[in-house]
1. Would a scan of the range 104-113 turn up a residue that is closer than 27 Å to Arg469 by Cα and in contact with a strand residue (DSSP E or B) (Cβ under 7 Å, 6 or more places away or on another chain)?
2. Filter the range 647-674 for residues that are over 25 Å from Met636 (Cα atoms) and open to solvent by less than 70 Å² (accessible area, probe 1.4 Å); which is modelled with the lowest pLDDT?
3. Considering each residue of the range 675-689, count those that are open to solvent by less than 70 Å² (accessible area, probe 1.4 Å) and modelled with pLDDT under 80, and give that number.
4. What strands (runs of 3 or more DSSP E) lie completely within the range 436-538 and have 3 or more residues being surrounded by 15 or more Cβ atoms within 10 Å (Cβ to Cβ)?
5. Just for the range 238-264: of the residues that are out of contact with any Ser or Thr (no Cβ under 7 Å at 6 or more places or on another chain) and hydroxyl-bearing (Ser, Thr, Tyr), which one is surrounded by the fewest Cβ atoms within 10 Å (Cβ to Cβ)?
6. Can you report the number of residues in the range 144-158 which are at negative phi and either acidic (Asp, Glu) or not in a helix (DSSP H, G or I) (or both)?
7. Are any of the residues in the range 20-31 in contact (Cβ under 8 Å) with a residue 60 or more places away in the chain and open to solvent by 30 Å² or more (accessible area, probe 1.4 Å)?
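The values are calculated or read from the model by the stated rules, or taken from the named source; none is laboratory data. No experiment lies behind these values; they were computed from the predicted model shown. For neighbour counting, all protein chains shown are included, and Cβ atoms are generated from backbone atoms with ideal geometry for every residue, glycine included. Ligands, DNA and RNA are stripped out before the accessible areas are found, and what is left, the full protein with its side chains, is counted by its heavy atoms. Shrake-Rupley method; radii C 1.70, N 1.55, O 1.52, S 1.80 Å.
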Amino acid sequence: MNLLIVESPNKCKKIQSYLGAGWVVKASMGHVRDLPKKEMGVDLDTFKPKYVPNDRGRKTLAMLKKACRSANDVYLATDPDREGEAIAWHLQQALGLHQPKRVAFHEITRKAVNHAISQPGCIDYNRVRAQEGRRVLDRLVGYSVSPALSNIYGRWLTAGRVQSPAVLIVVERELAIQAFKPSAYVEVFLTFENDNIQWAAQWNPGALLAENQKHWTDAKFAQRVAELTDVDVDSIQQKKLSKRPPAPFTTSSLQQGASVALRLSPKKCMQLAQQLFEEGLITYHRTDSPNLSDDGFNDITTWLVNNDYTDHVVKECNTWKAPEGAQEGHEAIRPTLADQTPDTLKSRLTDEQSKLYKLIWERAVASQMKNAEFNLTVIHLATTEQVDNKTLDFVARGQQVTYQGWMLLSRQDATHDGSQENNQQLPALSEGQHLNAINGEVKHKKTKPPARYTEASLVKKLEAEGIGRPSTYASIIDNIIHRGYVSIVKRKLQAEKPGFVIYEALVNRFAFMSLNYTRDIEKQLDDIACGKNKYETVVRQAYTTLSDELKSLDGVTITPSEDQPLCPQCNKPLRLIQNKFWGCTGFKKDGSGCRYTAPDDNGVPGKPLADTAINKQHPCACGNGFMQRRSGRSGMFWGCSSYPACKNTLPDNNGEPGIYASAPQKKNNQDAAAGQSCPDCDKGQLIRRTVKTGKNAGKDFYGCSNYPACKHFQWAKNNES
């Protein structure tokens with residue numbers, strides 16, 4: 001029996017049907033291991049990451065280990081990208097596999113699956129290290145900068161290597177909008193009617209504009225221009241235009257197209273694309289390449305020929321240049337079989353799946369059709385009357401389709417998020433012909449500020465700036481919206497107060513906030529994947545820079561917002577600490593400063609439970625502070641006034657500091673050490689306790705009552721097995 005491990009359980013049934021008897025197909029459910037949640041998880045000397053099974057991974061790994069025991073060979077068929085390569089490596093490590101066979105499906109069809117199985121390879125460790133580099137860099141930035149940033153703001157904020165530059169882009173656009181000052185200008189149009197065709201020409205004031213002036217602002221002069229009626233045809237220019245079909249979708253352009261045409265968020269788009277891929281309907285949806293494979297080209301052109309489009313099919317495959325830095329390991333997104341038209345699949349798919357599939361199908365099939373052709377006509381009109389001794393110029397433009405080509409299937413580029421060209425119909429005129437306008441109109445307008453980003457245009461900007469990878473755009477945008485740094489207002493992204501705080505605190509202080517730096521890091525990760533650079537070299541250099549930059553946050557203050565709670569003792573802003581209680585930003589790490597605290601009451605400071613003045617009745621074992629009665633998640637307890645320098649705690653015993661009870665004694669087990677002075681700190685007493693979890697669960701040991709300030713540990717004698 002052979003075992004094939006894929007990522008998604010939705011693939012298992014279909015692939016199992018292709019492989020037949022002698023095979024078992026199981027799913028890893030995505031990642032099975034990751035860095036720990038509550039610690040950095042990276043050795044800052046060697047930069048070796050520490051991996052632990054995630055919550056779902058523990059159960060999944062137990063199931064897969066059982067399946068591996070009865071397998072002759074194990075095939076790892078995780079997704080064909082860097083993340084999939086990393087998941088395959090984690091499976092190898094966690095399952096203890098010796099030389100597993102690595103296979104990758106770029107589409108889930110019988111032909112593709114059987115071909116991949118027949119030519120297995122090995123895990124590409126360079127790609128694994130590149131993915132590991134991205135994960136570790138993200139962790140180093142997030143876990144180093146976020147606490148310092150939160151301390152400045154007073155509420156929890158997160159910094160991210162690619163998340164924060166995305167926030168920067170939105171904030172800078174918002175600042176440009178706020179700084180924008182509109183100015184009024186006018187446009188003049190004359191309307192004509194010839195051969196029963198009504199058409200318009202616009203006044204071109206270019207020759208009259210002052211240097212650096214873009215628009216005409218003299219409304220009185222414009223009104224005089226609009227009153228002119230007699231013009232002559234000065235020139236007629238005609239041009240034949242040819243427009244190529246849009247390229248098949250990449251990950252980035254699919255997200256843009258789905259946002260513009262279907263109003264889907266990038267996250268929703270990728271979820272639906274994943275479902276279509278798992279159903280075997282489209283090729284792999286995480287790709288930078290805009291070009292089809294030979295199989296894709298042949299399949300699409302065969303469908304076109306068989307469906308009366310023979311005269312509209314290209315003879316050679318249309319290709320496009322990939323964006324700079326693109327990883328072209330996979331072909332563009334296309335239907336796995338062109339004869340699975342959107343109409344034939346409607347009954348199998350949800351409404352959203354069907355619409356996205358139609359977008360993908362039309363784009364891919366139309367890409368291999370001939371160019372659409374147009375006639376562009378530009379007519380220049382000269383006024384017979386002069387205004388202030390000046391002859392004025394009017395221009396009319398019209399564009400007519402002469403051959404539809406690819407537009408027979410797809411009318412326009414779905415990623416286009418703006419107005420279309422002027423397609424008005426123009427009459428047949430001749431140079432020198434005299435015309436009389438039937439109407440003149442002055443349109444009063446104002447210059448507009450830069451437009452806020454939409455999700456589609458932000459994806460386009462991220463790609464242009466080299467921030468992240470197309471497969472990460474959806475999660476980047478989802479994160480900055482979910483965390484409240486950016487909001488969506490009428491489908492536009494608008495920066496919020498926390499986003500401005502991140503910008504103010506980090507820009508010009510951290511290299512990762514520079515778009516050029518982010519692009520360079522992505523290039524270095526690409527070099528790791530290609531074997532041209534080393535993981536440790538890239539990570540160490542980035543962390544050295546980050547460590548130096550962290551010092552720049554010392555002393556940084558952010559002007560509190562109007563709703564920011566202030567300390568009643570020193571009037572400095574309060575901050576929410578670990579979402580548990582409020583403390584004064586005047587408190588310093590060395591224990592000095594304002595010590596005011598208050599419990600959290602649904603996001604606002606509650607009433608303090610006790611006077612915050614230090615009670616010096618109960619000295620702490622650390623020798624520097626005094627035990628204070630406080631409120632915690634489990635009720636009242638006593639903690640040192642020198643916190644966080646000292647983290648000693650004691651239980652509450654009817655308003656007085658108590659002591660932690662020792663573990664219950666086992667029969668025939670002498671408790672010789674209990675109660676003795678701690679040999680390490682000589683301040684606490686040894687307490688017998690029992691290990692609760694892990695391979696030593698149930699065994700007894702001695703620990704210091706001064707824990708966690710003192711971490712003395714010794715096994716108890718005569719441990720019962």
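1. Of the residues in the range 104-113, the ones closer than 27 Å to Arg469 by Cα are 104-109, 112-113.
Now narrow it down to the ones that are in contact with a strand residue (DSSP E or B) (Cβ under 7 Å, 6 or more places away or on another chain): none.
No; the residues of the range 104-113 include none that is closer than 27 Å to Arg469 by Cα and in contact with a strand residue (DSSP E or B) (Cβ under 7 Å, 6 or more places away or on another chain).
2. The initial filter retains those residues of the range 647-674 that are over 25 Å from Met636 (Cα atoms), namely 665-674.
Those left that are additionally open to solvent by less than 70 Å² (accessible area, probe 1.4 Å): 666, 669, 671, 673-674.
Details: Lys666: 45, Asn669: 42, Asp671: 54, Ala673: 69, Ala674: 68.
The residue in question is Asn669.
3. To start, the set of residues in the range 675-689 that are open to solvent by less than 70 Å² (accessible area, probe 1.4 Å) comprises 675, 678, 681, 684, 686-689.
With the extra rule that they be modelled with pLDDT under 80, the set shrinks to 675, 681, 684.
Count: 3.
4. Working: elements: 439-446, 486-489, 492-495.
Answer list for the range 436-538: 492-495.
5. Per the criteria, the residue is Ser242.
6. Filtering the range 144-158 for residues at negative phi gives 144-153, 155-158.
Next cut, either acidic (Asp, Glu) or not in a helix (DSSP H, G or I) (or both) only: 155-158.
Of the residues in the range 144-158, 4 are at negative phi and either acidic (Asp, Glu) or not in a helix (DSSP H, G or I) (or both).
7. Taking the range 20-31 as the starting set, the residues that turn out to be in contact (Cβ under 8 Å) with a residue 60 or more places away in the chain are 28.
Next cut, open to solvent by 30 Å² or more (accessible area, probe 1.4 Å) only: none.
No; the residues of the range 20-31 include none that is in contact (Cβ under 8 Å) with a residue 60 or more places away in the chain and open to solvent by 30 Å² or more (accessible area, probe 1.4 Å).
So that you can scan it fast, the table gives a plain yes or no per residue for (1) aliphatic (A, V, I, L, M); (2) open to solvent by less than 20 Å² (accessible area, probe 1.4 Å); (3) not in a strand (DSSP E or B):
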position	(1), (2), (3)
Leu97	yes, no, yes
Val113	yes, yes, yes
Ile123	yes, yes, yes
Gln131	no, no, yes
Gly142	no, yes, yes
Arg161	no, yes, yes
